[in-house]
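Colleague: Sharing a structure below in structure tokens format, with a few things to ask.
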Amino acid sequence: MKYRSFRGTDVSEVGLGTWQLGSADWGVIGDEEAFSILQAFIDAGGNFIDTADVYGMGISEQVIGRFLKTVNQEIHVATKLGRRSDEGFGWPQNFTYDSMRKQVEISLKNLDFHKLFLEQLHCIPTEELRSGKVFDHLRKLQSEGLVRNWGVSVETSEEALLCLEQEGIASLQIIFNLFRQHVADEVFAKAKEKGVALIIRVPLASGLLTGKFNEQTKFAEKDHRHFNANGDAFNAGETFSGIEFSRGVELSREIAGLFPDQRMAQWAIRWILDHPEVTTVIPGASKVSQVENNIAASDLPSLTEDVHNKLRSLYEEKIKPIIRGHY
């Protein structure tokens, strides 16, 4: 595993996304399996885990908290707030200071932490970002010692650029993959200039970029790849990066043909890591084998300039025109 700097802290360039550990939108994963996944990640040198308070309404955070009681090394956990809609929460009340503090306190309790390494706004409305009050609240929470760093998970490049104007922001989390290449042109240079870490989510386009799906692949009823395939529940861009599934399967085959060999998922992550502005990539994993495959991307050589150029041409000609959802 190789490491990159997150505001002076070395984090693994391949992290672990843990939406799936919430056992809500990817199928059910019990504690034993979840612990195996987390242990395999740490055994391979991983030390950056991303979660959120709404992943299973606290289940993902709680699983991580219980697991970390079993290890004796420093693991950096990032969580998110702002999307709760249970009793007492919802938009716009989620974005008052008192509500944000309560959300932070719930995450601290779930994880059994005294202080969060990184708290992130979780794809909140653009108008809240423009207002700027949420950033004042984050700075206050930081000054009170509840969070070490704060950042924002965003949907669009416009939102990313808004956030980059805020004093004290540590990180941006954004979708960037072979189905969403233009983000590098719009955001990366500014983030580097500001010294802001880039956390890359949905790197495998909800599994499309593993090459393991075909047009007949079906997903469980409670899997977001079933109920949100067309953006019926939330932004279509969060599922398959906004590409219609059957078309995405076809395009994945074209992409695979440009890679050096059949390790498609690893090369798709390697492509992201070839961008030096990236701090860490956070693919999810529901099996130990997926963790091991994802982390192996850190040891692959960089793709050649010729392959990068061909992948960009394919994107401009066939992929970018058919992206759905806001981005």
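Colleague: For residue 251, are the conditions met, namely being in contact (Cβ under 8 Å) with a residue 60 or more places away in the chain, over 22 Å from residue 173 (Cβ atoms) and touching an Asp or Glu at 6+ places or on another chain (Cβ under 7 Å)? Before you say what the answer is, go through the steps one by one.
Modeller: Numbers: in contact (Cβ under 8 Å) with a residue 60 or more places away in the chain: yes; over 22 Å from residue 173 (Cβ atoms): yes; touching an Asp or Glu at 6+ places or on another chain (Cβ under 7 Å): no.
No: the conditions fail for residue 251.
Colleague: Does residue 178 qualify as being modelled with pLDDT of 95 or more, over 20 Å from residue 130 (Cα atoms), assigned to a loop (DSSP other than H, G, I, E, B) and within 16 Å of the chain's Cα centre (by Cα)? Working first, answer last.
Modeller: Working: modelled with pLDDT of 95 or more: yes; over 20 Å from residue 130 (Cα atoms): yes; assigned to a loop (DSSP other than H, G, I, E, B): yes; within 16 Å of the chain's Cα centre (by Cα): yes.
Yes: the conditions hold for residue 178.
Colleague: Kindly establish whether residue 240 is farther than 30 Å from residue 125 by Cα and not charged (D, E, K, R). Before the answer, list the steps.
Modeller: Details: farther than 30 Å from residue 125 by Cα: no; not charged (D, E, K, R): yes.
Criteria not met by residue 240.
Colleague: Taking strands (runs of 3 or more DSSP E) that do not extend beyond the range 1-51, which have at least 2 residues that are of a type in the set (Gly, Ala, Ser) and at negative phi?
Modeller: Answer list for the range 1-51: none.
Colleague: Kindly indicate whether any position in the range 159-170 is within 22 Å of residue 91 (Cβ to Cβ), among the charged types (D, E, K, R) and crowded, with 20+ Cβ neighbours inside 10 Å. Step through it out loud before you land on a result.
Modeller: Applying the first criterion (within 22 Å of residue 91 (Cβ to Cβ)) to the range 159-170 yields 159-160, 162-163, 166, 169.
Applying the additional criterion that residues be among the charged types (D, E, K, R) yields 159.
Filter once more, so that each one left must be crowded, with 20+ Cβ neighbours inside 10 Å: 159.
The answer is yes, given that some residue of the range 159-170 is within 22 Å of residue 91 (Cβ to Cβ), among the charged types (D, E, K, R) and crowded, with 20+ Cβ neighbours inside 10 Å.
Colleague: Among the candidates 141, 108, which residue alone is assigned to a helix (DSSP H, G or I) and more than 30 Å from residue 40 (Cβ to Cβ)?
Modeller: After ruling out the rest, the residue left standing is 141.
Colleague: Report every pair of residues separated by at least 6 positions or lying on different chains whose Cβ atoms are under 6 Å apart, first residue within the range 85-98 and on the phi < 0 side of the Ramachandran plot and at pLDDT 95 or above, second surrounded by 11 or more Cβ atoms within 10 Å (Cβ to Cβ) and of a type in the set (Gly, Ala, Ser).
Modeller: 94/82
Colleague: Which numbered condition trips up residue 56, out of (1) at positive phi; (2) modelled with pLDDT of 95 or more?
Modeller: Status for residue 56: all satisfied but (2).
Colleague: State which residue is nearest to residue 123 (Cα to Cα) when the search covers only the range 208-237 and only residues that are aliphatic (A, V, I, L, M) and in contact with a Gly (Cβ under 9 Å, 6 or more places away or on another chain).
Modeller: First pass over the range 208-237, keeping only residues aliphatic (A, V, I, L, M): 208-209, 220, 229, 233, 236.
From the residues that got through so far, the ones that are in contact with a Gly (Cβ under 9 Å, 6 or more places away or on another chain) too are 208-209, 220, 236.
Working: 208: 22, 209: 23, 220: 25, 236: 13 Å.
Filtering first and then ranking leaves 236.
Colleague: Only one of these is without any contact (Cβ under 8 Å) to a residue 60 or more places away in the chain and not aromatic (Phe, Trp, Tyr): 308, 275, 326. Name it.
Modeller: One residue alone meets the criteria, 308.
Colleague: Looking at (1) in contact with a Ser or Thr (Cβ under 9 Å, 6 or more places away or on another chain); (2) buried (at least 17 other Cβ atoms within 10 Å of the Cβ); (3) of a type outside the set (A, V, I, L, M, F, W, C); (4) not in a strand (DSSP E or B), can you tell me which one residue 88 breaks?
Modeller: (2)
Colleague: I need the full set of residues from the range 5-55 which are charged (D, E, K, R) and surrounded by fewer than 18 Cβ atoms within 10 Å (Cβ to Cβ), in order please.
Modeller: 7, 10, 31, 32, 33, 43
Colleague: On to the next question. Give the number of residues within the range 112-127 that are assigned to a loop (DSSP other than H, G, I, E, B) and in contact with a Ser or Thr (Cβ under 6 Å, 6 or more places away or on another chain).
Modeller: 1
Colleague: Do we have residue 205 as surrounded by fewer than 17 Cβ atoms within 10 Å (Cβ to Cβ) and hydrophobic (A, V, I, L, M, F, W, C) here?
Modeller: So residue 205 does not fit the description; no.
Colleague: Return the residues of the range 144-160 that are more than 17 Å from the chain's Cα centre (by Cα) and part of a loop (DSSP other than H, G, I, E, B); say none if nothing qualifies.
Modeller: Once the filter is applied, which keeps residues that are more than 17 Å from the chain's Cα centre (by Cα) and part of a loop (DSSP other than H, G, I, E, B), the range 144-160 yields 144, 145, 146.
Colleague: Right, next: Pairs please, first residue from the range 172-183 and in contact (Cβ under 8 Å) with a residue 60 or more places away in the chain, second anywhere and among the charged types (D, E, K, R) and part of a loop (DSSP other than H, G, I, E, B), Cβ atoms under 8 Å, 6+ apart in sequence or on different chains.
Modeller: Here the result reads 175/155, each pair linking the range 172-183 to a residue that is among the charged types (D, E, K, R) and part of a loop (DSSP other than H, G, I, E, B).
Colleague: Sticking with this one: So if I check each of 219, 213, 259, which one is modelled with pLDDT of 95 or more, farther than 19 Å from residue 182 by Cβ and touching a helix residue (DSSP H, G or I) at 6+ places or on another chain (Cβ under 6 Å)?
Modeller: Numbers: 219 fails: modelled with pLDDT of 95 or more; 213 fails: modelled with pLDDT of 95 or more.
It is 259.
The values are calculated or read from the model by the stated rules, or taken from the named source; none is laboratory data. Everything numeric in this text was worked out from a predicted model, so none of it was measured. Cβ coordinates were reconstructed from backbone atoms using ideal geometry, including for glycine residues, and neighbour counts include every protein chain displayed.
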